[in-house]
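Take a look at the structure below.
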Amino acid sequence: MQPTTHPPAGRREWLGFAVLALPTLLVSMDMTILYLATPSLSAALQPSGAELLWISDIYGFLIAGALIPMGAIGDRIGRRRLLLIGSVFFGLASILAAFSTSATMLIAARAILGIAGATLLPSTLAMIRNLFHSPRERSFAIGIWTTCFTLGGVLGPLVGGLLLQHFWWGSVFLVGVPAMATLVFLGPIFLPEFREADGHAVDVPSVAMSMVSLLAIAYGVKHLAESGITAIAVAAFMVGGSVGWAFILRQSRLTAPLVDLSLFRNSAFTAALGANMMALFAWVGASLLIAQYLQLVIGMSPMTAGLWTIPPAIACVVGCLGAPILVQRIAPAAVVMLALLLVATGFAIMAAFTSGFGVVAIISGMIILGLGVATIVTLGTDLILMTAPPEKAGAASAISETGADLGGSFGVAVLGSVGVAVYRTVVAVPDELSQDRAAAVRDTLGAAVDVANALPGPSGSVLLASAQQAFEQGLVFASGAGFCVLLSTAIFFAWTNLRRGALCPIENKGEV
């Protein structure tokens, strides 16, 4: 059989892709841009502890919960239409957040931002499928898309810190306004419209069930990471699991389901989705611990700690752009397996050498880990888009993004729980501390630093040294756990693909 010839993308397609890069960068940036603004907005709005947590978390929660419904809605009503509607709401919600006068108002604005962000991500990724028909060009475009998403998370704290040096806390939200205005103006000019030919109505109960299930699971994972196994965490998982099971049963009976379950019968689709989840498990879980290590153990300022994340970010860019080149010569399954081994190697370096080499070992490990993660995500996302029918590209993109979010959440829960368990076991609490302050010291390193700074004489220095050493040991054990998980994943991936012969050089670059 002669290979299919795909027409190359022209200038219009590449300009359209440049327009899509804007929301991708902004949605990712909004996840981290609040890191440095929290102290100043706390002083201005005086939120309670619970309100402050919701200001930080509601955005990510609603993105995770709304991705699948929004991906399916985009397939039904038109991906460009949903993208433009979402960009308008994202811009308006950014203005509302910037000029919030109370914590409740800011929480509401962040909630709208989350839902709007969920309309943007699957739309941008699915439209790459419409713009680029050549597998090589599509892979390169997805590499750039992944680069934009990665850089957005890295640039968030840096851009936020720069703005806070000159403006008030609300300025961090206004970054997205001109970008969204540009998207609304240029989108109709350069982006083609695409929707399902059948035009089935969206099943509203499925939308509600999907959001309830994913939000409950996301909340349960977060509560597990913060407080361990509690009745609240168990209840959240039970609600999420039961509603999720009911959602799956409903999809199997619908003529036009919100999620096409037949996608999961494609072994390439499920393999790519699983690899993506494990990659984000590693990256997000490690990043959370590293951020605390750099600031609370090494003593770096948030801005300096942010600058130290640039080398791993550069490694991510190399992985994103290099992956499409590698698969022209090596079977994609072999590249993914090697990338999984790279991620495991990054964890091994941090587990073995952090205690002796500190920042050098941490950054070296994260560079190798980032290179592997970016390679996996780029190839996995490309494969997920390619294996799904064109009319289901929005839903497939949303499933991919949801899987990545859940993988990252479980990375925080699992690796964070290992680190916290070791920290609580090792930290030495002075006998003179009250019960409440002793509990705070055992709870988090941040609380231990605050208590140590308030203690008079050498007691504070002794407590601080003990807490920092305990956290470092927790990081080492968590890295060891990450190494075991990723090495096991690589072995399983190699075993399953060797049976299918997918690790051998192949002509069809989509086979995994």
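The values are calculated or read from the model by the stated rules, or taken from the named source; none is laboratory data. Given the structure is predicted, the values throughout are model-derived calculations rather than measurements. Because the Cβ atoms are built from the backbone with ideal geometry, glycine has one as well, and the counts that use them run over all protein chains shown. What goes into the accessible areas is simple: the full protein's heavy atoms, side chains included, and nothing from ligands, DNA or RNA. Shrake-Rupley method; radii C 1.70, N 1.55, O 1.52, S 1.80 Å.
A Cβ distance below 6 Å, combined with a sequence gap of six or more or placement on separate chains, defines the contacts here; from segment 51-76, residues that are within 21 Å of Met29 (Cβ to Cβ) and in contact (Cβ under 8 Å) with a residue 12 or more places away in the chain reach residues that are among the β-branched types (Val, Ile, Thr) and assigned to a helix (DSSP H, G or I) in the pairs Trp54/Ile107; Ile55/Ile107; Ile58/Ile107; Leu62/Ile115; Ala66/Ile115; Leu67/Thr402; Met70/Thr119.
Could you run through segment 133-167 and say how many residues are open to solvent by 50 Å² or more (accessible area, probe 1.4 Å) and over 20 Å from Leu113 (Cα atoms)?
Of the residues in segment 133-167, the ones open to solvent by 50 Å² or more (accessible area, probe 1.4 Å) are 133, 136, 140, 149, 151, 155, 162, 165-167.
If we keep only those that are over 20 Å from Leu113 (Cα atoms) as well, we get 133, 136, 140, 162, 165-167.
Here the count works out to 7.
Tell me yes or no: at least one residue of segment 153-167 is within 21 Å of Ala398 (Cβ to Cβ) and touching a Ser or Thr at 6+ places or on another chain (Cβ under 8 Å). Scanning segment 153-167, I find at least one residue that is within 21 Å of Ala398 (Cβ to Cβ) and touching a Ser or Thr at 6+ places or on another chain (Cβ under 8 Å), so the answer is yes.
With the requirement that a residue be more than 30 Å from Leu83 (Cβ to Cβ) and either crowded, with 16+ Cβ neighbours inside 10 Å or without any contact (Cβ under 8 Å) to a residue 40 or more places away in the chain (or both), what does segment 392-423 give you?
Selection gives Ala413, Val414, Leu415, Gly416, Ser417, Val418, Gly419, Val420, Val422, Tyr423.
Just wondering, is there one or more residues in segment 255-268 that are touching a residue at least 12 places away in the same chain (Cβ under 8 Å), over 15 Å from Gly365 (Cα atoms) and in contact with a Lys or Arg (Cβ under 6 Å, 6 or more places away or on another chain)? Yes; the residues of segment 255-268 include at least one that is touching a residue at least 12 places away in the same chain (Cβ under 8 Å), over 15 Å from Gly365 (Cα atoms) and in contact with a Lys or Arg (Cβ under 6 Å, 6 or more places away or on another chain).
Ser56 meets all of the listed conditions (1) at pLDDT 75 or above; (2) surrounded by fewer than 18 Cβ atoms within 10 Å (Cβ to Cβ) but one, namely (1).
One line per residue, one yes/no per condition, for (1) in contact with a helix residue (DSSP H, G or I) (Cβ under 7 Å, 6 or more places away or on another chain); (2) open to solvent by less than 20 Å² (accessible area, probe 1.4 Å):
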{"position": "Val259", "(1), (2)": "yes, yes"}
{"position": "Arg265", "(1), (2)": "no, no"}
{"position": "Thr270", "(1), (2)": "yes, no"}
{"position": "Leu280", "(1), (2)": "yes, no"}
{"position": "Ile290", "(1), (2)": "yes, yes"}
{"position": "Ile298", "(1), (2)": "yes, no"}
{"position": "Ser301", "(1), (2)": "no, no"}
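Arg329 meets the conditions (1) open to solvent by 10 Å² or more (accessible area, probe 1.4 Å); (2) within 27 Å of Phe492 (Cβ to Cβ); (3) in a helix (DSSP H, G or I) in every case but one. The failed one is (3). Considering only residues that are in a helix (DSSP H, G or I) and hydroxyl-bearing (Ser, Thr, Tyr), look in segment 402-443 and name the one that is farthest from the chain's Cα centre (by Cα). Ranking the qualifying residues of segment 402-443, first place goes to Thr425.
A Cβ distance below 6 Å, combined with a sequence gap of six or more or placement on separate chains, defines the contacts here; from segment 438-451, residues that are closer than 14 Å to Glu472 by Cα reach no residue that is at pLDDT below 75 and polar (S, T, N, Q).
With respect to Leu455, determine if the residue is open to solvent by less than 40 Å² (accessible area, probe 1.4 Å), more than 29 Å from Met366 (Cβ to Cβ) and more than 30 Å from the chain's Cα centre (by Cα). I'd like the intermediate steps shown before the answer.
On the way: open to solvent by less than 40 Å² (accessible area, probe 1.4 Å): yes; more than 29 Å from Met366 (Cβ to Cβ): yes; more than 30 Å from the chain's Cα centre (by Cα): yes.
The answer is yes for Leu455.
Rundown of residues vs (1) exposed (fewer than 14 other Cβ atoms within 10 Å of the Cβ); (2) among the hydroxyl-bearing types (Ser, Thr, Tyr); (3) at pLDDT 60 or above, yes/no style:
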site	(1), (2), (3)
Phe471	no, no, yes
Ala478	no, no, yes
Val485	no, no, yes
Thr489	no, yes, yes
Ile506	no, no, no
Val512	no, no, no
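Filter segment 326-358 for residues that are β-branched (Val, Ile, Thr) and within 20 Å of Asn276 (Cβ to Cβ) and give the result.
Residues of segment 326-358 β-branched (Val, Ile, Thr): 327, 330, 335-336, 343, 345, 349, 354.
Scanning segment 326-358 gives Val327, Ile330, Val335, Val336, Val343, Thr345.
Filtering Phe347, Phe353 for residues that are of a type in the set (Phe, Trp, Tyr), part of a helix (DSSP H, G or I) and open to solvent by 10 Å² or more (accessible area, probe 1.4 Å) leaves a single hit, Phe353.
Scan segment 93-112 and give yes if some residue there is within 25 Å of Cys316 (Cβ to Cβ) and either open to solvent by less than 10 Å² (accessible area, probe 1.4 Å) or of a type outside the set (Val, Ile, Thr) (or both), otherwise no. Scanning segment 93-112, I find no residue that is within 25 Å of Cys316 (Cβ to Cβ) and either open to solvent by less than 10 Å² (accessible area, probe 1.4 Å) or of a type outside the set (Val, Ile, Thr) (or both), so the answer is no. Determine whether Ser94 is under 22 Å from the mean Cα position of the chain (by Cα) and at pLDDT 80 or above. Against the criterion (under 22 Å from the mean Cα position of the chain (by Cα) and at pLDDT 80 or above), Ser94 qualifies.
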